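Down below is the structure, laid out as structure tokens.
The values are calculated or read from the model by the stated rules, or taken from the named source; none is laboratory data. These numbers were taken from a predicted model, which means no experiment stands behind them. Backbone-built Cβ (ideal geometry, glycine too); neighbour counts: all protein chains shown. When the accessible area is computed, the model is the full protein with side chains, heavy atoms only, and any ligands, DNA or RNA have been set aside. Shrake-Rupley method; radii C 1.70, N 1.55, O 1.52, S 1.80 Å.
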Amino acid sequence: MAVAGEELPSVDSDHDLPGRERSLPATPLPVTAVSSTPALRLSGISKRFGPLRANDAISFELKRGEVIALLGENGAGKTTLMNILFGHYVADEGTVEAFGKPLPPGDPRAALDAGIGMVHQHFTLADNMTVQENIALGTQSLWRMRLNRAAARRRIEQLSADFGLTVDPAATVATLSVGERQRVEILKALYREARILILDEPTAVLTPAETDALFRTLKLLVAKGLSIIFISHKLHEVMAVSDRVLVLRSGQLVGERDTASTDRKELAALMVGQEVKSAKVSPMKRGAPLLALERVSTAPYNGSGLDEVSLTLTAGEITGLAGVAGNGQAVLAALIAGIRRQVRGNISIAGQDVADWSPRAALAHGVARIPEDRHAIGSIGDMSVTENVIAERYRSPRFSRMGFLNWKASRQFAEKLIADYEVKCPSPEARIRLLSGGNMQKLILGRALDPDPTVILASQPTRGLDVGAVAYVHRMLLEARDRGAAVLLISEDLEEVLALSDRIIVMSKGRLSTPSSRGERSIRELGELMAGHSGEHSDHAA
Amino acid sequence: MRLEPKPAPSLAVTLTFPLAAIATTLFLTSMLVLAAGASPLSVFYLVAKGAAGSQFALVETLTRATPLIFTGLAIAVAFRAKLWNIGAEAQLYIGGVVTVVLGTGALPLPSVILIPVIMIAAMAAGAALLLGPAVLKTRFGVDEVVTTLLLNFIVLLFVSMLLEGVLKDPMGLGWPQSQKVIAEAQLPRIIQGKRLHYGFVIAIVSAVFVWLVMKKTVLGYEMRAVGHNPEGARFVGILVNRTLMKTALLSGGLAALAGFSEVSGLKGNLTLDLSPGYGYSGIVVAMLAMLNPLGVIASAIFVAGIFVGADAMSRAAKVPSYIADVMVATSLLTMVVAILLTRYRIKWR
């Protein structure tokens with residue numbers, strides 16, 4: 001292909017992207033050239049999903065060469081807003097202008113052409129292709145007989161060097177780390193000559209060190225005149241990276257501050273809308289071991305597999321498992337839930353080895369499971385609330401006899417959970433799909449906790465929930481612990497782990513760190529463990 | 001254009017859309033009738049009259065509906081658990097084979113014993129036939145659409161072989177047909193001298209039974225859970241593969257009853273034209289009924305009525321009776337759209 005590249009003149013790449021204004025990085029805009037037209041203007045954007053107002057009359061401007069942080073809790077409407085901006089969704093009301101020109105709604109192509117680039121929370125790369133192929137994908141005309149690889153490669157290398165986005169263009173994406181993949185996503189946007197870059201929760205999957213590198217890249221991009229929208233719910237990052245902060249709450253723009261003239265406390269208050277109360281954790285004495293894994297290994301599943309993991313959960317204790325996504329947490333949760341089997345190693349309950357481990361066995365041994373994905377696994381969306389809450393126990397004499405279900409008892413149970421857990425739902429007959437994430441999670445929590453389990457597996461139990469629901473879930477987990485249950489809290493949110501856990505273990509590349517008790521390790525130390533930098537992985541009991 | 005789920009459809013909406021679907025069907029088929037050079041109104045009138053306009057017409061419609069109820073139930077049960085059984089035709093024929101094997105004098109028993117024995121044997125054979133594809137699906141992930149569909153051809157050729165060989169009626173003048181079943185193996189007629197037989201009653205009872213199973217039992221609950229979300233079902237401890245096996249047994253058994261009832265109640269013997277595609281029409285019947293077992297009764301009578309009515313109409317109006325196929329197919333399409341629209345609303349950009 002090198003020959004092909006030489007045959008073609010280097011200006012050829014202009015034809016790949018016809019009619020596009022080429023300002024970057026060939027001729028970077030100097031920062032001083034900030035003109036009166038903003039890079040982006042959103043006016044009165046509203047979007048409803050059924051009864052939910054995801055965005056309510058949101059207006060703001062993004063100046064050229066500026067970093068705006070869009071701050072808000074999960075479910076505040078940040079991602080919806082960006083999806084409207086990028087044309088994935090169509091707003092019910094309102095308009096978007098890029099560089100003074102209105103953007104047609106619902107057309108990602110137009111957004112790309114206007115110079116808007118988006119780095120999604122979940123990457124959109126083809127794993128089996130190389131970095132270069134991923135970046136160039138879709139930029140060259142289908143009618144061309146040959147790809148202009150040499151020119152593409154030169155451009156990618158140039159962009160990499162300019163912005164500190166080190167990555168090998170020839171590497172297959174599947175072999176890259178999460179941080180490298182994110183760099184590919186950013187390169188992809190830059191290759192398409194993005195002048196506005198939207199980053200949706202870019203640090204969620206990064207280690208602290210990778211986050212720092214990302215921030216350095218963002219500074220370089222801004223210096224070249226790019227405008228950036230940085231979406232996050234992490235206050236310290238917002239403070240570190242942005243010029244201006246917009247705070248979203250329940251779909252509304254509730255605050256706009258210059259970063260220099262605000263502080264974390266004010267932003268937190270704006271974001272949450274009330275005084276932030278963190279759950280009170282009183283120390284407990286460590287009880288008897290209830291569930292133990294002994295040198296357990298598994299095949300990979302949604303990321304890394306487990307590699308000789310030993311873990312003991314004891315009564316009256318919350319064990320927090322921190323780690324960057326994809327390091328084996330998913331398979332650990334699936335294993336304890338009974339939906340995956342180990343290749344090697346033993347699982348024991350209260351000292352007794354269990355040979356046949358399955359969802360039924362887990363339930364029979366008093367293991368409550370709160371799954372990571374409440375839509376795909378935790379609930380059956382098209383069945384009613386009643387049918388969902390009895391799902392783990394419909395075979396018990398309480399809910400069925402001689403093969404016939406006792407609908408009366410089932411309905412009463414559903415009504416009890418709805419009342420006890422303050423679930424907002426039209427009726428026990430409503431399809432559970434129609435409930436909000438928080439209410440669905442409350443029902444799953446109720447289903448799991450009602451039989452007074454001895455072991456509780458909570459996998460990302462607060463992901464995507466609003467503040468109120470998060471606090472509720474935390475309170476429930478703490479109450480269960482105080483009643484003497486052994487709780488395993490798996491979370492990618494380090495702050496959540498720090499707030500609730502009596503003991504913290506870090507998972508990295510399918511292995512566990514030695515446990516540390518509350519306050520023993522600093523965030524920095526935990527971060528290093530998350531990045532897998534430390535050699536202190538234990539082979540023994542955690 | 002995209003679809004957004006509607007919360008809870010109101011009663012008005014649930015009624016309006018199916019009615020609109022019927023109107024659309026009538027409108028579209030009347031275009032075709034016009035093209036055939038007849039008056040749509042008189043054609044529809046003749047179809048309705050031919051389907052339900054006289055005692056004879058009504059009896060004929062219900063007789064035709066009987067096998068459709070069985071196959072419709074078989075499909076409804078299987079599809080509810082997302083087991084795509086396209087092989088009801090084969091299971092029907094196997095039911096017919098068992099009926100003639102046991103019913104032509106091999107078992108000298110009185111009717112009250114012989115008929116239940118034949119029914120159970122036929123169901124077992126139909127169930128066994130669907131068990132193969134179900135095992136292949138759960139064990140090896142083989143697509144059951146392919147295996148059940150192909151089994152239809154295999155079974156039809158197998159039946160053809162039997163009818164040219166061991167099951168061939170020596171008194172049949174060389175036709176590929178079996179002997180008649182003995183009197184004890186015949187289902188009695190509901191009205192003397194009319195074609196409607198007790199197979200229709202068994203079909204209604206079966207529908208009620210299946211409805212009870214789906215609505216009230218643990219098995220029905222498991223089947224629905226597996227159909228809606230197999231991963232979720234597995235998570236809560238439902239044995240997904242075992243549930244699919246049970247579904248296959250029930251579905252295959254029901255389809256085989258169609259073959260039993262046609263041979264034992266109507267035809268008396270087994271021929272290669274025992275079913276004019278009842279196994280496939282059962283899919284239409286089940287879909288029109290939105291997989292509701294009681295709805296299957298109504299939709300089977302509706303589909304049968306159109307076929308019977310169209311036969312009568314074509315004799316009177318000189319419009320080919322193929323119009324019946326078009327009407328049934330069109331009503332299925334419009335009904336599917338109507339069902340979609342009661343649950344989702346369409347957003348244009």
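At a glance:
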read-out: The listed residue being outside any loop (DSSP other than H, G, I, E, B) and either under 28 Å from B:Leu212 (Cα atoms) or away from every other protein chain (no Cβ under 14 Å) (or both), out of A:Arg433, A:Arg393, A:Arg398; value: A:Arg433
read-out: Index of the failed condition, A:Leu457 passing every other in (1) open to solvent by less than 10 Å² (accessible area, probe 1.4 Å); (2) aliphatic (A, V, I, L, M); (3) within 11 Å of chain B (Cβ to nearest Cβ); value: (3)
read-out: Any chance A:Ile380 is out of contact with any strand residue (DSSP E or B) (no Cβ under 8 Å at 6 or more places or on another chain) and within 14 Å of chain B (Cβ to nearest Cβ); value: yes
read-out: Lone qualifier among A:Pro202, A:Pro169, A:Pro108 - being of a type outside the set (D, E, K, R) and either assigned by TED's automatic domain parsing to the domain that holds A:Ser491 or open to solvent by 20 Å² or more (accessible area, probe 1.4 Å) (or both); value: A:Pro108
read-out: From A:Arg369, A:Arg374, residue being crowded, with 21+ Cβ neighbours inside 10 Å, in contact with an Asp or Glu (Cβ under 9 Å, 6 or more places away or on another chain), of a type in the set (D, E, K, R) and at the interface with another protein chain (Cβ under 10 Å from one of its Cβ atoms); value: A:Arg369
read-out: A:Ile229 among the β-branched types (Val, Ile, Thr) and in a strand (DSSP E or B); value: yes
read-out: Any hit, segment B:237-245, residues being away from every other protein chain (no Cβ under 12 Å), open to solvent by 40 Å² or more (accessible area, probe 1.4 Å) and touching a residue at least 40 places away in the same chain (Cβ under 8 Å); value: yes
read-out: Index of the failed condition, A:Leu363 passing every other in (1) more than 10 Å from chain B (Cβ to nearest Cβ); (2) under 26 Å from A:Arg481 (Cβ atoms); (3) open to solvent by less than 60 Å² (accessible area, probe 1.4 Å); (4) outside any loop (DSSP other than H, G, I, E, B); value: (1)
read-out: Verdict on A:Leu465 being buried (at least 23 other Cβ atoms within 10 Å of the Cβ) and either at pLDDT below 90 or more than 18 Å from A:Glu387 (Cα to Cα) (or both); value: yes
read-out: Selection from segment A:85-103 of residues that are under 19 Å from A:Arg195 (Cβ atoms) and surrounded by 16 or more Cβ atoms within 10 Å (Cβ to Cβ); value: A:Leu85, A:Phe86, A:Gly87, A:Val96, A:Glu97, A:Ala98, A:Phe99, A:Leu103
read-out: Test: residue in segment A:344-355 that is outside any loop (DSSP other than H, G, I, E, B), within 14 Å of another protein chain (Cβ to nearest Cβ) and open to solvent by less than 70 Å² (accessible area, probe 1.4 Å); value: no
read-out: Test for A:Thr95: is it touching a residue at least 24 places away in the same chain (Cβ under 8 Å), of a type in the set (Val, Ile, Thr), in a strand (DSSP E or B) and closer than 26 Å to A:Ile231 by Cα; value: yes
read-out: Filtered residues of segment B:30-52 (kept if assigned to a loop (DSSP other than H, G, I, E, B) and modelled with pLDDT of 90 or more); value: none
read-out: Subset of segment B:109-121 [closer than 21 Å to B:Gly252 by Cα and either free of Cβ contacts under 8 Å to residues at least 60 places away in the same chain or touching a Ser or Thr at 6+ places or on another chain (Cβ under 6 Å) (or both)]; value: B:Pro116, B:Val117, B:Ile118, B:Ile120, B:Ala121
read-out: Options B:Phe209, B:Phe200; residue that is within 14 Å of chain A (Cβ to nearest Cβ) and either open to solvent by 20 Å² or more (accessible area, probe 1.4 Å) or in a loop (DSSP other than H, G, I, E, B) (or both); value: B:Phe209
read-out: Enumeration of residues in segment A:405-423 that are part of a loop (DSSP other than H, G, I, E, B), more than 13 Å from chain B (Cβ to nearest Cβ) and open to solvent by 20 Å² or more (accessible area, probe 1.4 Å); value: A:Tyr421, A:Glu422
read-out: Given (1) of a type in the set (D, E, K, R); (2) more than 16 Å from the chain's Cα centre (by Cα); (3) more than 14 Å from chain A (Cβ to nearest Cβ), index of the condition B:Glu262 fails; value: (2)
read-out: Criterion violated by B:Thr334 - all others in (1) away from chain A (no Cβ under 14 Å); (2) under 30 Å from A:Ile336 (Cα atoms); (3) more than 18 Å from the chain's Cα centre (by Cα) satisfied; value: (2)
read-out: Residue in segment B:119-136 that is in a loop (DSSP other than H, G, I, E, B) and either open to solvent by less than 60 Å² (accessible area, probe 1.4 Å) or under 20 Å from B:Ile75 (Cα atoms) (or both) present; value: no
read-out: Evaluation of B:Pro230 against (1) more than 14 Å from chain A (Cβ to nearest Cβ); (2) farther than 21 Å from B:Ala122 by Cβ; (3) not polar (S, T, N, Q) (one fails), failing number; value: (1)
read-out: Only listed residue being assigned to a helix (DSSP H, G or I), open to solvent by 50 Å² or more (accessible area, probe 1.4 Å) and either within 14 Å of chain A (Cβ to nearest Cβ) or over 21 Å from B:Ile94 (Cβ atoms) (or both), chosen from B:Glu184, B:Glu222; value: B:Glu184
read-out: Sole residue being over 25 Å from B:Ala121 (Cα atoms) and in contact (Cβ under 8 Å) with a residue 60 or more places away in the chain, chosen from B:Leu291, B:Leu274; value: B:Leu291
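Residues checked against (1) assigned by TED's automatic domain parsing to the domain that holds A:Val506; (2) farther than 26 Å from A:Val296 by Cα; (3) in contact with a helix residue (DSSP H, G or I) (Cβ under 8 Å, 6 or more places away or on another chain); (4) without any contact (Cβ under 8 Å) to a residue 24 or more places away in the chain:
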| residue | (1), (2), (3), (4) |
| --- | --- |
| A:Glu308 | yes, no, no, no |
| A:Val343 | yes, no, no, no |
| A:Asn346 | yes, no, no, no |
| A:Asp353 | yes, no, no, yes |
| A:Arg395 | no, yes, yes, yes |
| A:Gln412 | no, yes, no, yes |
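So that you can scan it fast, the table gives a plain yes or no per residue for (1) buried (at least 19 other Cβ atoms within 10 Å of the Cβ); (2) of a type outside the set (A, V, I, L, M, F, W, C):
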{"position": "B:Leu3", "(1), (2)": "no, no"}
{"position": "B:Thr14", "(1), (2)": "no, yes"}
{"position": "B:Thr29", "(1), (2)": "yes, yes"}
{"position": "B:Val33", "(1), (2)": "yes, no"}
{"position": "B:Ser39", "(1), (2)": "no, yes"}
{"position": "B:Ser42", "(1), (2)": "no, yes"}
{"position": "B:Glu60", "(1), (2)": "yes, yes"}
{"position": "B:Leu73", "(1), (2)": "yes, no"}
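Condition check ((1) under 20 Å from the mean Cα position of the chain (by Cα); (2) in the same structural domain as A:Val389 (by TED's automatic domain parsing)) across all residues:
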| site | (1), (2) |
| --- | --- |
| A:Lys408 | no, yes |
| A:Leu435 | no, yes |
| A:Gly484 | no, no |
| A:Val497 | yes, no |
| A:Gly510 | yes, no |
